[in-house]
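The values are calculated or read from the model by the stated rules, or taken from the named source; none is laboratory data. A quick note: this is a predicted structure, and the numbers were derived from the prediction, not measured. Note that we place each Cβ from the backbone using ideal geometry, even for glycine, and neighbour counts take in every protein chain shown. Areas reflect the complete protein model, heavy atoms only, side chains present, ligands, DNA and RNA absent. Shrake-Rupley method; radii C 1.70, N 1.55, O 1.52, S 1.80 Å.
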Amino acid sequence: MTPIIIVSLVLIGLSALLTVIRLLAGPTPFDRLMASDTLTVIATAFLVLFSVISGGTDLYIDVAIVYAVIGFIGVVTIARFLKGGK
Amino acid sequence: MVILGNILIFIGSLFLALGGLGLIRMPDVYNRLQAGTKATTLGAMGVILGSAFLAPEMLTKAVLLIVFIAMANPVSSSTIGRSAYKGGVPLASRSVRDDWEKEEAAE
Amino acid sequence: MRKLIGILLIGGFAFYLVTVGMGLFSAESRSELDSVGSEILATSPDLSGAANTVTAVVVQYRGFDTLGEVTVLFVSALGVGMLAMAIKDGLLKNLFDDNGGFVLQAGSLALLPFIVLVGLYITLHGHLSPGGGFPGGVIIATAVFVVILTSKTLSIPRGLINVMETLAGLGFLAIGFVGLYSPAQSFLANILPKGEFGSLLSAGFIPVIYAIVAIKVASELINIISKLTAADSDSKEAAE
Amino acid sequence: MRKWKGTFALLFLLAVSWLLIVSSVAFVELIAGAVAIVVIVLLTHRSRDLFGGLRLSLKALLFTPIYLMVFLWQLIRSNLDIARRVLSPSLPINPGIVKVQTQLQSSLGKLILANSITLTPGTLTLDVEGSSLYVHWVDVKGTDADAATQSIVAGFERTLMEVVE
């Protein structure tokens, strides 16, 4: 692990932390939903990076692909449900 | 190759962090969507491509993942934005214009 | 109350991280905990021929259990279906009072084939990389779900899906009985050739079982979704 | 004709995706992929119709990488733009929703345009109705609808016209 990657991990962690703050703070349900959407993408990126730093196996990238797909579908579904009840 | 990968990962994570900051600072859900979508799309693309440079055996899957994120992320953001608008979330008070509201009122 | 729940969630997550971290760093507790795991890791490649040991455990070591799980899913799908039938218009129908907007409509149609492709990849490579029939089937079903979200008039071939579900269930049983009457003489014995370790055609019947599980999971979930949202009620009315 | 075009385009895109995701050209993988792709294409007739909007000509093939380049450049620009706005203490935004027009006919064209607008500097597509797009704009300039159309849509549209209908 080079120092650059450690700094990058810290930055990704910071971004996830800020997103979680938005997730908890709201104020509208759409803010929370958007925060979880962002969190999905951040987690996908992190999974791929983790797959490299944990020894270069390409197993985690399969997990990342599935995570991206399921995350997208979940967010879209909740967005559709939220529209019904104001 | 390794150096390029490191640089890409760093730039990507920098944009991810900026996106997180945008999520905190922007005044309403639409502006937050703007910051969130763009920054995380490019940020995730950078991190994924950079990781693929460090481990070339997963380059093909990484390319597919990048294309998927580039297609799916704007769709989910648009959907959230549209449901927020239809669900009655107002624009921030400093907004200057709303063409859509005029249309809906006219109907 | 909500703050309390938030604090509890964060606290629970922190506790989880700390325990996981401690487990990773103390070598002794690890070797104690992993005694069954290391046994399976040692025997799995010869016994099942699957590169993914988790899959080997699910299908090879406890395949009968998996058959039970699929049955549980089938029974719950049946129950939800009957409940949904009792409420004529479909439970979730009124939630979707418009079409979801053009971007989602076109976007879900554009992404549907590729998401299904990912689902099939996950299913077929379950014995090589993380995944398998259960997540693969769920991915396929959810992709169809997003298309249903945007259009109530989508006609789902429910008859075809029911046939597929039944055939998949019978196929699972058939493989089990083939194992029972083969020289190995045990239910769900892995009698197919193991193939070359790590290639697509390896691990004997594991990819076959997972393909069957994926078909069953996907068709059951699509059935539940279409009944709940009454997605094909319009087309049914048109046919009558 | 359009139907066959969509089928062909979808077959091609799925085949490329399968090769990318398995990252192997072993014979069994190719056979499994071919079966999977044919089944998917047979079952998704709406997606086939959607992909019928692609132009299949040498010129379109030539313009696809150009479009991707334009898109990538805009994405990088938009991130620098967001970075500038977020990092400056006064938060220089001037948001609003504007309605812009597009000349693209096919659903696929409008989808790609909407997605591209979402990822370009300061704009986010909220909805598309017919040939008009409702766009949330971080920095609204002026009140003229034509000027807005010019600055948001026109840059992509010219290149995209060559790729989709």
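Conditions: (1) part of a helix (DSSP H, G or I); (2) under 20 Å from B:SER78 (Cα atoms); (3) touching an Asp or Glu at 6+ places or on another chain (Cβ under 8 Å). D:VAL98 meets all but one. Number of the miss?
So D:VAL98 meets the others, but not (1).
I'd like to verify a number: residues in the stretch C:3-21 that are modelled with pLDDT under 85 and within 16 Å of A:ILE21 (Cα to Cα), how many?
So the answer is 1.
In the set D:ILE97, D:ILE117, which member is within 10 Å of chain B (Cβ to nearest Cβ) and within 14 Å of the chain's Cα centre (by Cα)?
Working: D:ILE97 fails: within 14 Å of the chain's Cα centre (by Cα).
One residue alone meets the criteria, D:ILE117.
Which of the numbered conditions does A:THR40 fail, given that it passes all the others? Conditions: (1) open to solvent by 10 Å² or more (accessible area, probe 1.4 Å); (2) under 23 Å from C:PHE102 (Cα atoms).
(2)
Being more than 30 Å from D:GLY122 (Cβ to Cβ), assigned to a helix (DSSP H, G or I) and out of contact with any Pro (no Cβ under 8 Å at 6 or more places or on another chain) narrows it down to one residue among D:LEU50, D:LEU30, D:LEU72; which is it? Show your work before the answer.
Details: D:LEU50 fails: more than 30 Å from D:GLY122 (Cβ to Cβ); D:LEU72 fails: more than 30 Å from D:GLY122 (Cβ to Cβ).
Among D:LEU50, D:LEU30, D:LEU72, only D:LEU30 is more than 30 Å from D:GLY122 (Cβ to Cβ), assigned to a helix (DSSP H, G or I) and out of contact with any Pro (no Cβ under 8 Å at 6 or more places or on another chain).
Can you say whether D:ALA83 is touching a helix residue (DSSP H, G or I) at 6+ places or on another chain (Cβ under 8 Å), part of a helix (DSSP H, G or I) and in contact (Cβ under 8 Å) with a residue 40 or more places away in the chain, as far as the supplied structure shows? Show your work before the answer.
Numbers: touching a helix residue (DSSP H, G or I) at 6+ places or on another chain (Cβ under 8 Å): yes; part of a helix (DSSP H, G or I): yes; in contact (Cβ under 8 Å) with a residue 40 or more places away in the chain: no.
Here the answer is no, as D:ALA83 does not meet what is asked.
Out of all the residues in the stretch A:18-58, which are more than 24 Å from B:ALA62 (Cβ to Cβ) and either more than 7 Å from chain B (Cβ to nearest Cβ) or modelled with pLDDT under 85 (or both)?
Going through the stretch A:18-58, the residues more than 24 Å from B:ALA62 (Cβ to Cβ) turn out to be A:18, A:20-35.
Answer for the stretch A:18-58, where residues must be more than 24 Å from B:ALA62 (Cβ to Cβ) and either more than 7 Å from chain B (Cβ to nearest Cβ) or modelled with pLDDT under 85 (or both): A:VAL20, A:LEU23, A:LEU24, A:ALA25, A:GLY26, A:PRO27, A:THR28, A:PRO29, A:ARG32.
Restricting to the stretch A:43-64, and then to whatever is β-branched (Val, Ile, Thr) and buried (at least 24 other Cβ atoms within 10 Å of the Cβ), can you tell me which residue is farthest from the chain's Cα centre (by Cα)? Write out each step before concluding.
Keep residues of the stretch A:43-64 that are β-branched (Val, Ile, Thr), which gives A:44, A:48, A:52-53, A:57, A:61, A:63.
Next cut, buried (at least 24 other Cβ atoms within 10 Å of the Cβ) only: A:44, A:48, A:52, A:61.
Working: A:THR44: 6, A:VAL48: 12, A:VAL52: 18, A:ILE61: 14 Å.
Looking at the filtered set, the residue picked out is A:VAL52.
Under 24 Å from A:ILE73 (Cα atoms), modelled with pLDDT of 85 or more and within 8 Å of chain A (Cβ to nearest Cβ): does that describe B:VAL75? Please lay out each step first, then the result.
Values: under 24 Å from A:ILE73 (Cα atoms): yes; modelled with pLDDT of 85 or more: yes; within 8 Å of chain A (Cβ to nearest Cβ): yes.
Against the criterion (under 24 Å from A:ILE73 (Cα atoms), modelled with pLDDT of 85 or more and within 8 Å of chain A (Cβ to nearest Cβ)), B:VAL75 qualifies.
Output yes when any residue across the stretch D:122-145 is of a type in the set (S, T, N, Q), part of a helix (DSSP H, G or I) and modelled with pLDDT under 85, and no when none is. Reasoning before the result, please.
Kept after step one, since they are of a type in the set (S, T, N, Q), are these residues of the stretch D:122-145: D:123, D:125, D:131-132, D:143.
The next check asks that each one be part of a helix (DSSP H, G or I); those that pass are none.
So far as the stretch D:122-145 goes, no, none of its residues is of a type in the set (S, T, N, Q), part of a helix (DSSP H, G or I) and modelled with pLDDT under 85.
Going by the conditions given, is D:ILE117 touching a Leu at 6+ places or on another chain (Cβ under 8 Å) and in contact (Cβ under 8 Å) with a residue 12 or more places away in the chain?
yes
Which of the residues spanning the stretch D:15-72 are acidic (Asp, Glu) and within 14 Å of chain B (Cβ to nearest Cβ)? Steps first, please.
Initial filter on the stretch D:15-72 (acidic (Asp, Glu)): D:29, D:49.
Hit for the stretch D:15-72 is D:GLU29, nothing else.
Can you pull out the residues in the stretch B:53-64 that are more than 20 Å from the chain's Cα centre (by Cα) and more than 8 Å from chain A (Cβ to nearest Cβ)?
Of the residues in the stretch B:53-64, the ones more than 20 Å from the chain's Cα centre (by Cα) are B:53-61.
Matches in the stretch B:53-64: B:PHE53, B:PRO56, B:LEU59, B:THR60.
What are the residues in the stretch B:22-45 that are open to solvent by 10 Å² or more (accessible area, probe 1.4 Å) and either under 11 Å from B:GLY12 (Cβ atoms) or in a helix (DSSP H, G or I) (or both), if any?
Selection gives B:ILE24, B:ARG25, B:ARG32, B:LEU42, B:MET45.
Wholly within chain A, which helices (runs of 4 or more DSSP H) include no fewer than the required count, namely at least 2 residues that are within 25 Å of C:GLY136 (Cβ to Cβ)? Break it down into steps so the answer makes sense when it comes.
Values: elements: A:3-25, A:29-53, A:59-84.
Those helices (runs of 4 or more DSSP H) span A:29-53, A:59-84.
If a residue has to be open to solvent by less than 20 Å² (accessible area, probe 1.4 Å) and among the polar types (S, T, N, Q) to count, how many in the stretch D:1-34 make the cut?
Result for the stretch D:1-34: 1.
Regarding D:SER90, is this residue more than 7 Å from every other protein chain (Cβ to nearest Cβ) and either surrounded by 15 or more Cβ atoms within 10 Å (Cβ to Cβ) or modelled with pLDDT under 80 (or both)? First the steps, then the outcome.
Values: more than 7 Å from every other protein chain (Cβ to nearest Cβ): yes; either surrounded by 15 or more Cβ atoms within 10 Å (Cβ to Cβ) or modelled with pLDDT under 80 (or both): yes.
Considered against the rule, which asks whether it is more than 7 Å from every other protein chain (Cβ to nearest Cβ) and either surrounded by 15 or more Cβ atoms within 10 Å (Cβ to Cβ) or modelled with pLDDT under 80 (or both), D:SER90 comes out as yes.
Using the structure shown, decide if D:LEU42 is assigned to a helix (DSSP H, G or I), open to solvent by less than 10 Å² (accessible area, probe 1.4 Å) and either within 21 Å of C:LEU104 (Cβ to Cβ) or not assigned by TED's automatic domain parsing to the domain that holds D:VAL138 (or both). Reasoning before the result, please.
Working: assigned to a helix (DSSP H, G or I): yes; open to solvent by less than 10 Å² (accessible area, probe 1.4 Å): no; either within 21 Å of C:LEU104 (Cβ to Cβ) or not assigned by TED's automatic domain parsing to the domain that holds D:VAL138 (or both): yes.
Taking the combined requirement at face value, the residue does not satisfy it.
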